Structures are given as structure tokens and as C-alpha cells.
1. Give just the number: which of (1) part of a helix (DSSP H, G or I); (2) over 18 Å from GLU212 (Cβ atoms) does GLU245 not satisfy?
2. Taking the residues in segment 306-324 that are out of contact with any strand residue (DSSP E or B) (no Cβ under 7 Å at 6 or more places or on another chain) and without any contact (Cβ under 8 Å) to a residue 24 or more places away in the chain as candidates, determine which candidate is surrounded by the most Cβ atoms within 10 Å (Cβ to Cβ).
3. Of everything in segment 179-235 that's within 19 Å of ILE285 (Cβ to Cβ) and polar (S, T, N, Q), which residue is most open to solvent (accessible area, probe 1.4 Å)?
4. Counting only residues that are within 12 Å of the ligand (Cβ to nearest atom) and buried (at least 24 other Cβ atoms within 10 Å of the Cβ), which one in segment 267-297 is farthest from GLU318 (Cα to Cα)?
5. When SER257 is evaluated against the numbered criteria (1) open to solvent by 70 Å² or more (accessible area, probe 1.4 Å); (2) near the ligand (Cβ under 9 Å from one of its atoms), which criterion, by number, is the only one it fails?
6. Would you point out the residue of segment 298-322, among those that are under 18 Å from ILE226 (Cβ atoms) and of a type in the set (Gly, Ala, Ser), that is farthest from the ligand (Cβ to nearest atom)?
7. Taking the residues in segment 325-334 that are in a helix (DSSP H, G or I) and surrounded by 12 or more Cβ atoms within 10 Å (Cβ to Cβ) as candidates, determine which candidate is farthest from the chain's Cα centre (by Cα).
8. Quick one: LEU117 ticks every box in (1) under 19 Å from the mean Cα position of the chain (by Cα); (2) open to solvent by less than 10 Å² (accessible area, probe 1.4 Å); (3) without any contact (Cβ under 8 Å) to a residue 40 or more places away in the chain bar one, so which box is it?
Amino acid sequence: MPCRLWPPINKEDYRGVWVYLEREGDRLKDVGLELLGKARDLAQKLGGVEVAGVLVAGGEDLAREAIYHGADKVVIIDNPDLKIYTPAEYAEAIARVVQKYRPEIFLIGATKRGRELAAYIANTLATGITADCTALEIDPKTRDLLQIRPTFGGTQLATIRTPQRRPQMASVRPGVFPKPPRDPSRTGEIIVEKVEITKRRTRLVSIEKRLEKDIADLPPVESSDIVVAGGRGLGTAEGFKLLVELAKLLNGTVGASLMAVRAGWVPHTRQIGQTGKTIRPKLYIAVGISGAIQHLMGITEAKMIIAINPDPHAPIMENADYAVVGDYKQIIPMLIEELKRL
Ligand code: FAD
């Protein structure tokens, strides 16, 4: 049945397979490269059409990486305001270049961002999107993209088509397709498109790095020679930011008392003590920890203990090789300053 909501399109006007190249810092996410490999396969089945990548606010070095992995062409969307991802603005910019070049297929990695962005782009382009595909094929008779994905709780596979709209959009789970080998002898075209955003829907107020991610990136407590642990005395989760900074400067990691875990400041995997981990670090720095017996049970094998606590009578102070009496908010920044100077 013809679609009544959207004006009809001429499918013949659309050619080529496009892949969104998601960035992760200054590298391309693997899923984009995996999709370039699949795009080559689909392009061949469509009679040898062009494979292109689209990159938002990325450099030519990243575009070349995409070419080495199978792109014939990479379109870089150049707009300094798009350095930081915001879905509405990214979608507008991508939709503009898609409308200009008219690929018949547009693939996107089903990452956290990719899923969100795919829905925004499909809506802007007035086309359909099949999320989380695990296989893609071409119907040789109609040239339709067969978008295959699990359904009914994974017991069945559904094959979905977008017969009346172009581009045909699909998001694909990372790791479904193999990453094509990197071939630095491949050459391709890099096009820089300056795209203005007509309407900014997102206002960036500030960027805060998530503490959980910072902590998750640190090594586990049981395999680190230096552990900086925090307790209820830190007062807030914010206090752990200082401990993360100190731990990084010492090439160590961050641990916690049960009370800090219960407060939700750090995950349970970082808890030290009777119901947490037993550790044997060369240096243990206890910050805002009273030193209850259940906590001490986890650090009996520590070679050296330094305690920072305003209460000179806290049990941890008796068990420490060095007891620093004072507020961590003053002492830790001083330590950080000194270490940075080394
Ligand atoms: P608190 O005892 O409240 O100590 C906070 C400390 O911070 C105080 O000494 C205070 O003087 C200090 N402080 C305050 N302000 C500052 C500041 N500005 N700068 C520096 N210091 C400051 N606990 C564990 O840790 N691990 C376990 O595995 C564990 N298992 C348990 C199992 C059982 C069966 C039971 C009953 C308890 C267990 N506990 C465990 C809990 C344990 O008994 C203590 O309640 C807990 O260790 C106390 O945590 P804390 O030292 O962070 O908090």
C-alpha cells in the first residue's frame, strides 16, 4: 500500500551503501569498520555500487582508516559545533548529506549512541529503521535490503523490508560481522562537507566525566600494589574524584569501605574487608576510614598502611605505619600537588 503520510520518492534516484562511522575519542569504533565490510558485500550484490562512510567532525586520518577498511569514499561533516555528540544536531547534519548524496542503504552500529541516532535520522529522513539487525541480505529481484533480526524473545528471526522508502536503514549489533582486514594500499575519495545546523535544540551547559567510568577504568584492587581506599568520612561521592586522581598518579587503584559502597559511591567489587576483598598491596592509603575490625581483616597483609583521619583515636590510626591527622580535603590535594611536581 502506498504511504499516505510521506510524499512518494523515486527509488531509482538512490544508489550506494553508506555506513555511519562512530568515533570513540580519536579512533573509529570497530562496529563502523565491521559494517564497511558488510557494506562491500551488499554493494557487490547490488551490481558494484559505491561504499561510503560518513564521519561527523572527524579528521582525514580517520577517513583514511575507513578507506583502508573498505570505504570508496568518506564524507566528513565539518562543523566545529559538532565536536561533541548531541543526537538532534548530529541527525540533522547527517540527514542533510544523506539527502544530498542519496544512498539506497544506510547502516549504523547499534551502540548506545548509534541506536539513538539511528531513530533521529530515520525520523528526519522520513524512512524506516530496523533496529539491532543480526544479518543483512539483498533481494536480487527488488534490490530491497532484507533486514533480519531476532524477534519473539529470540525464538524467531524476522525479515523486514522498507519497500517504499529510501534510504533503507538498519542498525546492527557490534561484533555481528567480521572487521575487514586493514589494507593501507586502498585509495578513496575524502569529501569535506560544511554543514550548518538550522536549529540548535541542545544547549551544552557543562561536561562532567562520570566518576563510575573513571573508577571502572582503574585496575582491580586485588591485583594492585598501591590501593587508595575511601570511607564514609569522604562525605560524598565527589570525594572519590580526589582519590581517583591520587591513585592514577601513583599508578595504583581505588578501594572502599563497606560504608562507602553502601552509600552508592563505588561498586561492591572495590570493597575491602571481611565481606569484600582481601588484598596484599605494598601500600594502602586509608582515607576517611575508621578501621573497624571487619575492614582491617581485608588488609592484614598490606606492607605499609597510611591513614588520613581527623580523629587521632580512630582504630585505623593505631594500625597504620603513618597516621596523618587531618581533613582529607586539605591533605589529598597537597599530596597530588607534590606528586605532580615530581
Ligand atoms: P565510619 O566508621 O563511619 O568511619 C568514617 C571515618 O571517617 C571516621 O573515622 C571519621 O573520623 C573519618 N572522617 C570524617 N571526616 C573526615 C575527613 N574530612 N577526612 C578524613 N577522615 C574523615 N566494613 C568494611 O569496610 N568492609 C567489610 O567487608 C565489612 N564487612 C562487614 C561484615 C559484617 C558482618 C559487619 C557487621 C560489618 C562489616 N563492615 C565492613 C562494616 C564495618 O563494621 C564498619 O561499619 C565500616 O567499615 C565503617 O566504614 P567507614 O570506616 O567508612 O565509616
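The values are calculated or read from the model by the stated rules, or taken from the named source; none is laboratory data. These figures come from a predicted structure and were not determined experimentally. Note: ideal-geometry Cβ built from the backbone for every residue, glycine included; neighbour counts use all protein chains shown. Keep in mind that these areas ignore ligands, DNA and RNA; they rest on the heavy atoms of the full protein, side chains included. Shrake-Rupley method; radii C 1.70, N 1.55, O 1.52, S 1.80 Å.
1. Going through the list (1) part of a helix (DSSP H, G or I); (2) over 18 Å from GLU212 (Cβ atoms), GLU245 breaks only (2).
2. ASP311
3. SER223
4. Step by step, filter segment 267-297, then rank; the result is ARG270.
5. The single condition SER257 does not satisfy is (1).
6. ALA302
7. Filtering first and then ranking leaves ILE331.
8. (3) is the only condition that LEU117 fails.
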